[in-house]
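The values are calculated or read from the model by the stated rules, or taken from the named source; none is laboratory data. Model, not experiment: these values are computed from the prediction. Every residue, glycine as well, gets a Cβ built from its backbone with ideal geometry; the counts of neighbours run over all protein chains shown.
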Amino acid sequence: MNYINKYTNISLLGAAGKMGSGIMALLAFEVGKLKLGAKREEKFVINAIDVSPEALEGLLKYLKAQLQKSGEKNIVELREWYKDSADLVENEQVINAYANDVMAMIKTSTRIETAYDSQLVFEAIKEDKGLKVKLFSQIKQNNPDTWFLSNTSSIPLGEIDKEAGLNGDIVGFHFYNPPVVQKLLEVIPVENINPDLIKFSEELAKSMRKIVVYSSDVAGFIGNGHFMRDALFALDQAKSMTNEISLADAIYRVDSVSRDLLLRPMGIYQLMDYVGIDVMCFILKSMQSAFPQETLSHEILNQYIELGVTGGQYSDGSQKDGFFKYEKGKIVAVYDMDAKAYKAIEDVKTANVDYFMPQPSERLNWKTVIREKERGSILTPFFNELKTLTSSASKLAVAYGQKSKAIGQLLVDGGVAADTNAVNKVMETGFYHAYGPVNNFFE
């Protein structure tokens, strides 16, 4: 099937958001290849739809910068595209022409009606099933031929499909943040998916050079299915420590163990800040009905929300304060709920030194590990020693590793992931873990 007609009018809902802006850049790259690279005569339009006019203005600046970066990386290809333009001599001229030509195809709008003419509608709005159903249904009623590619990270697509009357014209197309950089793409087909749509989504993912992992259409899918349960375990561990120490100290301990002893790129509480405490609550709520046997919520998250401490990012990508306070992206303090103020991280670190003693003889870190091609040769002895240490931190690390492995196996046993390789690939590629959770390190 020729999908070119589907590309001629594309809309993205939530285009100016954190995820939407990155997806918008990827779509701009794709349409640029079709229009300019293949020298097609068709008119192409990409509608950037968002509720905030101010955010859309910022989006256009971001897209122009991304297109110029892309042009610099692909200048040889661009010079071939513009070889018949005698007036474009310098590389800078070619790059600017490319950026301007693609930007000319991008239209901004705050009206959902703009999407009625689109054959493809991408979606990156907040995790609110009711809102997604409302918007998709509205578009579908006005354009029965529309296909929907949703960036939802937790809500079952089959429920949206049924409630919005999409007749299988929807697929989960879950990018990881930031979409322009992250290679992982979770693809979630609904049960009765249009076979042409799944074929299209596969071709698009390939063209975007994404690493595809398929997930079953179960709330949370693979990525959040693991991360949310992993985070709940960390919250439980901190809560259990508060009989003896403050919550601020407990959060510091668990975060440090998950980063420094499990060798992750950031601690679990820092990752929760990155995602957003409020966003985590949305995701957990969306997952709860699918797993009535589990408690997918936590009092600590709710308490922080009530205090207005939410984490997340500002529109420029900088980190908002959450469990930790940040300066230029660096952790400088941890929130003390009792005092309703931040405590300097150095003071907290000094007060908790004994918790981490004795330490492993070799001080590995995530950056060291990911440089190694044969990681097992350094990870195996490190974790074997960790199991022999008597420090409270090492004991928590081993228990945490075992729990993480059990969560990964749960996703396989529950049919969310096809196998353990799928779980490991998501966590290694999407979350940048140095090793997958289902491994032989934590038996």
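So for region 311-322 (the condition being touching a Lys or Arg at 6+ places or on another chain (Cβ under 7 Å), buried (at least 18 other Cβ atoms within 10 Å of the Cβ), modelled with pLDDT of 95 or more and closer than 30 Å to Ala65 by Cα), does at least one residue qualify? The answer is yes, given that some residue of region 311-322 is touching a Lys or Arg at 6+ places or on another chain (Cβ under 7 Å), buried (at least 18 other Cβ atoms within 10 Å of the Cβ), modelled with pLDDT of 95 or more and closer than 30 Å to Ala65 by Cα. Of all residues in region 406-415, none are modelled with pLDDT of 95 or more and under 20 Å from Ile251 (Cβ atoms).
Which count do you get for residues in region 216-233 that are of a type outside the set (Gly, Ala, Ser), assigned to a loop (DSSP other than H, G, I, E, B) and surrounded by fewer than 24 Cβ atoms within 10 Å (Cβ to Cβ)?
Going through region 216-233, the residues of a type outside the set (Gly, Ala, Ser) turn out to be 217-218, 221-222, 224, 226-230, 232-233.
Restricting the remaining residues to those that are assigned to a loop (DSSP other than H, G, I, E, B) gives 217-218, 221-222.
Filter once more, so that each one left must be surrounded by fewer than 24 Cβ atoms within 10 Å (Cβ to Cβ): 217-218.
So the count comes out to 2.
Where strands (runs of 3 or more DSSP E) fall entirely within region 103-209, those with at least 1 residues that are of a type in the set (Asp, Glu) are at 120-123, 184-189. For region 327-346, the set of residues classified as closer than 19 Å to Leu247 by Cβ and touching a strand residue (DSSP E or B) at 6+ places or on another chain (Cβ under 9 Å) consists of Ile331, Val332, Ala333, Val334, Tyr335, Asp336, Ala341, Tyr342, Lys343, Ala344, Ile345, Glu346, listed by residue number. A single member of Lys405, Lys367, Lys387 is closer than 26 Å to Pro189 by Cα and among the charged types (D, E, K, R), and it is Lys405.
Could you please let me know if Tyr304 is of a type in the set (Ser, Thr, Tyr) and loosely packed, with under 15 Cβ neighbours inside 10 Å? Talk me through it step by step, then tell me what you get.
Numbers: of a type in the set (Ser, Thr, Tyr): yes; loosely packed, with under 15 Cβ neighbours inside 10 Å: no.
In short, no.
Would you check if there is a residue in region 342-353 being assigned to a helix (DSSP H, G or I), closer than 13 Å to Ser256 by Cβ, under 28 Å from the mean Cα position of the chain (by Cα) and modelled with pLDDT of 95 or more? Yes, some residue in region 342-353 is assigned to a helix (DSSP H, G or I), closer than 13 Å to Ser256 by Cβ, under 28 Å from the mean Cα position of the chain (by Cα) and modelled with pLDDT of 95 or more.
Just give me the residues in region 356-370 being modelled with pLDDT of 95 or more and charged (D, E, K, R), in sequence order. Once the filter is applied, which keeps residues that are modelled with pLDDT of 95 or more and charged (D, E, K, R), region 356-370 yields only Lys367. Of all residues in region 296-324, those that are touching a residue at least 12 places away in the same chain (Cβ under 8 Å) and either in a strand (DSSP E or B) or polar (S, T, N, Q) (or both) total 8.
Would region 249-271 turn up any residue that is over 20 Å from Ala397 (Cβ atoms), part of a helix (DSSP H, G or I) and modelled with pLDDT of 95 or more?
Residues of region 249-271 that are over 20 Å from Ala397 (Cβ atoms), as a first pass: none.
Taking every residue of region 249-271 in turn, none turns out to be over 20 Å from Ala397 (Cβ atoms), part of a helix (DSSP H, G or I) and modelled with pLDDT of 95 or more.
Just one of the listed residues (Val94, Val89, Val76, Val102) is farther than 30 Å from Met287 by Cβ, of a type in the set (Val, Ile, Thr) and modelled with pLDDT under 95, namely Val89. None of Asp101, Asp87 is more than 29 Å from the chain's Cα centre (by Cα), closer than 23 Å to Ala16 by Cβ and not aromatic (Phe, Trp, Tyr) except Asp101. Within region 410-443, the residues that satisfy the criterion of being more than 18 Å from Tyr400 (Cβ to Cβ) and under 15 Å from the mean Cα position of the chain (by Cα) are Lys425, Val426, Thr429, Gly430. Exactly one residue out of Lys387, Lys367, Lys403 is surrounded by fewer than 17 Cβ atoms within 10 Å (Cβ to Cβ) and closer than 23 Å to Ala250 by Cα, and it is Lys387.
Might you let me know whether region 59-81 holds any residue that is closer than 30 Å to Pro195 by Cβ, of a type in the set (Val, Ile, Thr) and part of a helix (DSSP H, G or I)? Step through it out loud before you land on a result.
The first filter runs over region 59-81 and keeps only residues closer than 30 Å to Pro195 by Cβ, leaving none.
No, because not a single residue in region 59-81 is closer than 30 Å to Pro195 by Cβ, of a type in the set (Val, Ile, Thr) and part of a helix (DSSP H, G or I).
Name every residue in region 38-96 that is surrounded by fewer than 17 Cβ atoms within 10 Å (Cβ to Cβ), closer than 30 Å to Thr110 by Cβ and of a type in the set (S, T, N, Q), in order of residue number. Matches in region 38-96: Ser52, Gln68, Asn96.
For residues that are more than 16 Å from Ile112 (Cα to Cα) and assigned to a loop (DSSP other than H, G, I, E, B), tally how many sit in region 3-16.
Step one: filter region 3-16 for residues more than 16 Å from Ile112 (Cα to Cα), giving 3-8.
Now restrict to residues that are assigned to a loop (DSSP other than H, G, I, E, B): 3, 8.
Residues meeting the conditions: 2.
Results for (1) farther than 24 Å from Gly415 by Cβ; (2) touching a helix residue (DSSP H, G or I) at 6+ places or on another chain (Cβ under 6 Å), shown as yes or no for each residue.
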{"residue": "Gly276", "(1), (2)": "yes, no"}
{"residue": "Phe291", "(1), (2)": "no, no"}
{"residue": "His298", "(1), (2)": "yes, yes"}
{"residue": "Asn302", "(1), (2)": "yes, no"}
